[in-house]
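As structure tokens, the structure follows; a few thoughts come after it.
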Amino acid sequence: MDGFSYSDIFATKGIEYLIIITFLILLVPFWLVLNKQKQISSTIQKALGFLSASILKIPQGLFYSRNHTWMHMEKSGTAKVGVDDLLLHITGAVKFKIHKNPGDEIKKGDLLTEIDQNGKLLRILSPVSGKITNINSTINENPSMLNEDPYGKGWIYKIKPSNWVAETKTCYFAEEATNWSAAELERFKDFLAVSMKNYAPEPSMVILQDGGELCDHSLSALPKEIWRDFEEEFLDLNRL
Amino acid sequence: MNNNQQIVLDNDGKSIWKFLAGELKPRGKWFTPFNIISVPIILLGLALIVIRFWKGLGEVSNVTQEVPWGLWKGFNVVTGVAFAGGAYVLTFMVYIMNMRKYHSIIRVTVLNGFLAYAFYAGALVLDLGRPWHIFNPIIGNSFGASSVLFLVAWHFLLYMVAQLIEFSPTIAEWLGARRAHKILSGMTMAAVIFGITLSMLHQSGLGALFLMAKEKIHPLWYNEFIPVMFLVSSIFAGLSMVIFEGSISDKVFFDQISNKTKLAQKDIIIGLSKICAGTMFAYFFLQLLVFIHGQHWDLLNTGMGHWFLLEMLGFVLVPMILFFVSYRNNNITMIRIAAILTMIGVIMNRLNVSIIGYRWDAVVRYVPSWMEVIVALTVIFIQIWIFRWVINRMPVLRDSPSWANEHK
């Protein structure tokens with residue numbers, strides 16, 4: 001074999017090339033795993049019926065008030081108002097009591113609607129002042145489906161706001177809303193752990209205090225007293 | 001125009017000097033654990049600094065003609081500047097890449113970076129035999145334009161100015177100076193772009209200083225790619241510092257941080273851990289590549305070799321994996337642990353290049369005297385004191401006054 005010789009792999013920088021190729025090959029799975037894992041785990045949690053921050057629907061263009069209502073201003077200048085995904089996940093299927101009629105004036109902090117689940121009530125206060133122009137008459141038609149579309153079919157009133165800019169200033173918006181919902185979920189876990197101790201006959205049937213996962217609709221099986229406490233802690237706009 | 005009157009009222013009846021004098025008074029409790037530890041050290045350190053300038057460098061420091069760069073340069077300057085890298089990475093992310101999520105921590109990071117540079121340039125003066133010569137590359141007494149130090153000196157100076165401009169709107173808000181605020185805010189973008197360029201140049205420039213010491217640095221740490229390594233590692237060093245510092249600020253300055261910022265904090269830390277994992281992954285392979293290229297495997301089974309492996313595996317690879325895993329699990333505690341490990345690793349790396357691996361074969365090794373250690377700590381503690389003073393007075397962590405957002 002004249003004219004053929006083995007060359008020194010170091011002299012030709014062969015090893016260096018191999019390392020760079022290895023790096024590039026490893027970079028692909030590294031990057032894929034780094035970015036993908038979270039989507040998978042949220043799908044699993046959803047399938048198992050766990051309630052976690054990653055399954056919450058939080059459209060970024062809505063204003064979220066501290067009492068778990070949302071507002072969305074339409075082109076016409078009227079705002080749709082409803083209750084947010086987290087609240088519906090916590091309560092499960094509910095009906096809404098409509099107390100107002102089109103043409104009624106409402107002030108921020110007034111009673112907007114009541115959530116009713118077999119006689120257990122939660123009072124929802126209005127996040128905005130203005131004049132009611134429209135009522136969603138189909139809201140109570142399919143309560144169990146409301147979770148699928150809380151911000152579309154789930155609007156309760158349309159309100160012509162009278163003090164929009166000032167009243168939305170304290171609301172959460174875009175990624176603030178995402179962060180806030182996650183924090184509220186944590187606060188709800190703590191709340192449950194405390195109030196279960198006070199009222200529920202069997203301790204720890206819903207939640208582990210060490211940060212275990214919450215079940216979806218965790219409030220639905222719990223007694224009236226806890227609903228009352230929940231309303232005070234999470235929905236009383238005048239206190240929050 | 002209500003806001004306008006409010007501001008006038010705030011400073012009403014007081015001249016600017018009275019306002020400043022009031023702000024200079026100490027606030028809060030005196031007997032905190034941090035004060036009890038830091039005050040005696042600072043007093044002792046200041047006394048040692050007086051001795052150093054009065055009697056000369058040899059009285060307090062163990063540096064020699066052979067090893068002229070001691071702890072003050074190796075630790076305060078070279079390591080400190082790496083940790084100040086968070087400022088250029090974050091300003092790049094927020095102002096150039098428009099990642100608004102990180103905006104709430106930009107001011108505290110820039111403040112941290114600015115103070116770091118100001119104090120570490122100060123530490124440099126301590127370590128120079130003839131400190132008055134530090135002005136020479138600036139005033140042109142002898143530019144020394146062929147030296148890397150010329151580059152580093154100018155970059156330090158210009159970068160400090162750029163960071164001061166980036167931070168200056170905060171000072172204007174504190175003083176209630178509306179016109180100045182408007183002008184200074186307009187300069188932010190230019191200062192950011194200028195600052196990023198300068199930082200990338202001098203992070204690598206600090207590494208380039210060591211290229212001249214080829215024969216003196218242990219071959220496992222010396223290679224012609226030190227500038228690249230210093231630049232890449234400054235990214236995750238700076239971000240780890242941001243994570244670490246943020247975790248402490250969360251507790252210490254709890255009342256300063258607005259509610260919305262608190263909620264965003266977790267998200268920010270998780271986002272930063274992803275960037276750390278990515279850059280450390282690349283850095284690890286760069287180190288591997290350089291190691292193979294240098295063909296020094298025979299040195300691995302020596303004392304210095306084990307030390308090298310500990311740095312690369314224990315304090316680069318392990319925290320990288322921790323960042324990776326905790327990013328996926330949203331585990332804040334683990335991210336903080338990873339950040340601390342990373343910081344230890346960066347300190348090890350910079351000290352290995354500048355002190356431990358420097359003249360490793362000398363018969364008499366350089367070991368810093370206790371006085372050098374005290375002075376090094378003094379510089380850091382004074383920096384933290386000023387940091388705390390600024391945060392308690394200026395709108396760094398808390399929201400800007402409402403007038404400041406009007407013309408945005």
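Just so it is clear, none of the values below were taken in a lab; they were calculated from the coordinates. Keep in mind that what you see is a predicted model, and the values were worked out from it rather than measured. Neighbour counts run over all protein chains shown; Cβ positions are idealised from the backbone, glycine included.
Taking every Cα-Cα distance in region B:59-197 and sorting them into 5 Å bins starting at zero, the pair-distance distribution P(r) comes out as 2, 9, 16, 19, 17, 14, 10, 7, 4, 2, 0 percent. Computed from label points 7 Å out along Cα-Cβ, the spacing between A:GLU141 and B:LEU44 is 7.9 nm. When the helices of chain A are scored as -39500 (n - 2.57) per DSSP H run of n ≥ 4 and the total is divided over every residue, the value at 222 nm lands at -11000 deg cm²/dmol.
Once backbone amide H atoms are built at 1.01 Å from N, A:LEU125 has A:LEU112, A:LEU237 as its partners under 5 Å, excluding neighbours fewer than 5 places away on the same chain.
In straight-distance terms, cross-link reach from B:LYS274 covers every one of the lysines whose alpha-carbon lies under 26 Å from its own, apart from those fewer than eight places away in the same chain; here that gives A:LYS36, A:LYS38, A:LYS46, A:LYS57, B:LYS101, B:LYS251, B:LYS260, B:LYS262, B:LYS266. Could you state, as a whole-number percent, how many of the C-alpha pairs of chain A are farther apart than 25 Å? Roughly 51 percent, once rounded to a whole number. For the pair B:ILE36 and B:MET97, the difference between a 0.36 nm per residue extended length and the Cα-Cα distance amounts to 17.7 nm.
Distance between the pseudo-spin-label points of A:HIS99 and B:VAL125 (7 Å out from Cα toward the beta carbon): 6.9 nm. Computed 3J(HN,Hα) for region A:62-76, one whole-Hz value per residue from the Karplus formula 6.51 cos²θ - 1.76 cosθ + 1.60 where θ = phi - 60°, is 9, 8, 10, 8, 5, 9, 6, 10, 10, 9, 9, 7, 8, 4, 5, glycine and proline marked x. Computed from phi, the 3J(HN,Hα) profile of region A:144-160 under the Karplus parametrisation 6.51, -1.76, 1.60 (θ = phi - 60°) reads 6, 8, 4, 4, 6, 9, x, 9, x, 6, x, 5, 10, 10, 10, 10, 8 Hz, with x in place of Gly and Pro.
Size of region B:366-406 from its Cα atoms: along the principal axes, largest to smallest, the extents are 57, 16, 9 Å. Measuring nothing but how far apart in sequence close Cα pairs (under 8 Å, 6+ apart) lie, relative to its length, chain B scores a relative contact order of 27 percent. In summary, the convex hull built on the alpha carbon positions of region B:270-408 has an orientation-averaged projected area of 13.2 nm². Here is the tail figure for region B:134-259: Cα pairs spaced more than 25 Å apart come to 47 percent of all pairs. Under 5 Å between amide hydrogens, built in the peptide plane, is the criterion, and for A:ILE156 it picks out A:VAL81, A:GLY82 among residues at least 5 positions away or on other chains.
The modelled label-to-label distance between B:TRP389 and A:HIS72, using points 7 Å beyond Cα along the C-beta direction, is 5.3 nm. Once the chain from B:LEU158 to B:LEU20 is taken as fully extended at 0.36 nm per residue, the excess over their C-alpha distance is 47.0 nm.
I'd like the per residue volume of the convex hull spanned by the Cα atoms of the protein assembly as shown, given in cubic angstrom. Intermediate values should be presented prior to the final figure.
Numbers: hull volume 155.6 nm³, N = 648.
Hull volume normalised by residue count: 240 Å³.
Of the two radii for chain B, the radius of gyration is 0.98 times the Kirkwood radius, both from the alpha carbons; that is the Rg over Rh value.
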